[in-house]
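What follows is a single structure, written as structure tokens, with notes after it.
The values are calculated or read from the model by the stated rules, or taken from the named source; none is laboratory data. Predicted model only: the values in this text are computed from it and were never measured. Methodologically, a virtual Cβ is constructed for each residue, glycine included, from the backbone with ideal geometry; neighbour enumeration extends over all protein chains shown. The area values use the complete protein model at the heavy-atom level, side chains included, leaving out ligands, DNA and RNA. Shrake-Rupley method; radii C 1.70, N 1.55, O 1.52, S 1.80 Å.
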Amino acid sequence: MSDTLGMATQLAGNAVRFSWYAGLNWLLARETRRLSPRPRYSPERPVPSESELRADLRALFLADAAAVRDGLYPPKEPAAGLAEHLRDVRAMFADLPSTIERRQSEDTHSAVRHADAGSLPDYYTQDFHFQTGGYLSEESAKLYDVQVETLFYGAAGAMRRAGLKPIAAFLRGRDQRRCALLDVACGTGRFLRDIRLAFPGLGLTGLDLSQSYLDAAQAHLADLRPATLLRANAEAMPLPDASQDIVTAVFLYHELPGEVRRRVTAEIARVLKPGGLFVLIDSLQMGDRPGWDGLLEAFPVRFHEPYFAHYATDDLETMLTDAGLASCETAHAFLSKVMVRRKS
Ligand SMILES: C[S@@+](CC[C@H](N)C(=O)[O-])C[C@H]1O[C@@H](n2cnc3c(N)ncnc32)[C@H](O)[C@@H]1O
């Protein structure tokens, strides 16, 4: 049955979220200009106009609402805890001066000073996005979601949810209670929550290297049927061969060096069952939308993203095919793309 009310609710929620986060994005940019004398990096490659960006966002939000109308997943729940959200927003602004200081002094090593850092790979113990504590502090885990939504004008959730459609298609005709899904680099568990709400019967596992982010994920999932959360390196996952029907990885690949990206892909192929589904969501790459390449050029300069430039021109197609993950479909979702693959 078509859920027109659900569609309207989803559209209205996305419109409110966009207005709020676009406002935060504007305020953060203004505050950054005030605190930092450095001129903003101007890319040489073309950038989309504001109206082009808005039109694309509208298309993403419409697709998100249509998926709700078609019953692929339920409408996004109303935001819980306004006071808590405002506290996180304040904390994001309070953290800005130290973020800018790190950017100016090119010091991206506050994470190295964390107790866990010694046992972790060097590529990981950097302050991605100049975040205080990198991925290793509780504060960083608290700020992550509000920072990401601010960066993406409130569209991060809708970009992730674009990955629910291929999962729904894969599960059609299957008993989801007999299926296992692994979200690699689950972070604070936002996508796991979307998955749990859409497919309540699935066996869910989330894996990440950061205990602080896993603790945040645990809190985000606390009122739902439990998922197994594992602290582990995606390069060597403590999971048996062919144990997963579905594997997802959202916003991970651009943060990995090229050779690690390949090791993680091989691990994903190893733990997937034959015929299993892999859904990879990450940034657009150079040439995906040529008029937008300037955004991809500027991103790693404005934010500490040491492996993004390599990611942006990496041959993901060949990498995935060589790992035994055959191409099914690739779709754009605003600044992201959703690559759907099946293990052959
Ligand atoms: C940009 S965040 C994305 C988090 C989440 N998937 C999302 O949608 O917001 C990248 C995540 O990858 C995790 N990560 C990076 N390298 C990893 C590795 N080698 N093994 C496991 N997790 C890793 C980080 O701890 C962080 O939570």
Quiz item: Normalised by the number of residues in region 153-266, what is the relative contact order in percent for Cα pairs under 8 Å and 6+ residues apart?
Solution: 28 percent
Exercise. Subtracting the Cα-Cα distance from 0.36 nm times the residue separation, let me have the gained length for Phe93 to Glu50 in nm, one decimal.
Key: 13.0 nm
Quiz item: In percent, what relative contact order does region 270-344 have, based on Cα pairs under 8 Å that are 6 or more apart in sequence?
Solution: 44 percent
Quiz item: Considering the Cα trace of region 154-248, what is its radius of gyration and what is Dmax, both in angstroms?
Solution: 12.7, 37
Quiz item: Once you charge only the Cβ atoms, +1 for Lys and Arg and -1 for Asp and Glu, what is the size of the charge dipole of region 127-227 about its Cα centre, to the nearest 20 debye?
Solution: 760 debye
Exercise. Name the long-range amide H neighbours of Asp183: under 5 Å, sequence gap of 5 or more, or other chain; modelled H, no Pro or chain starts.
Key: Thr205, Gly206, Leu207, Thr248
Self-check item: Highest-fluctuation residue, Glu267, Glu255, Glu50 considered, GNM on the chain with Cα pairs under 10 Å
Solution: Glu50
Self-check item: Surface per residue (accessible, 1.4 Å probe) for region 116-215, Å²
Solution: 32 Å²
Quiz item: With the contact rule set at Cα under 8 Å and sequence spacing of 6 or more, what percent relative contact order holds for the chain?
Solution: 18 percent
Quiz prompt | the chain: projected area of the alpha-carbon convex hull, averaged over directions, in nm² | solution = 16.6 nm²
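For region 244-302, what value does the Rg/Rh ratio take when both radii are computed over Cα atoms and Rh is the Kirkwood radius, given to two decimals?
With Rg and the Kirkwood Rh in hand, the quotient comes to 1.07.
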Quiz prompt | Binned Cα-Cα distances of region 82-220, short to long, each 10 Å bin given as a whole percent | solution = 11, 36, 32, 16, 5, 0
Quiz item: What share of the DSSP beta bridges in the chain is antiparallel, in percent to the nearest 5?
Solution: 45 percent
Quiz prompt | Stokes-Einstein D (µm²/s) once Rh is taken as the Kirkwood radius of region 229-344 over alpha-carbon pairs, at 10 °C in 1.306 mPa s | solution = 108 µm²/s
Quiz item: For the chain, which whole-number percentage of the solvent-accessible area (1.4 Å probe, protein heavy atoms only) is attributable to carbon and sulfur atoms?
Solution: 56 percent
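Stretch Arg231-Leu197 to full length: gain in nm at 0.36 nm per residue minus the Cα-Cα span? Write down the numbers at each step before the final one.
On the way: separation 34, 0.36 × 34 = 12.24 nm, distance 2.29 nm.
Stretched fully, the Arg231-Leu197 segment lengthens by 10.0 nm.
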Quiz item: How large, in Å, is region 15-117 by the Kirkwood hydrodynamic radius built from its alpha-carbon pairs?
Solution: 17.5 Å
Self-check item: Cubic angstrom per residue, convex hull over Cα atoms of region 152-192
Solution: 75 Å³
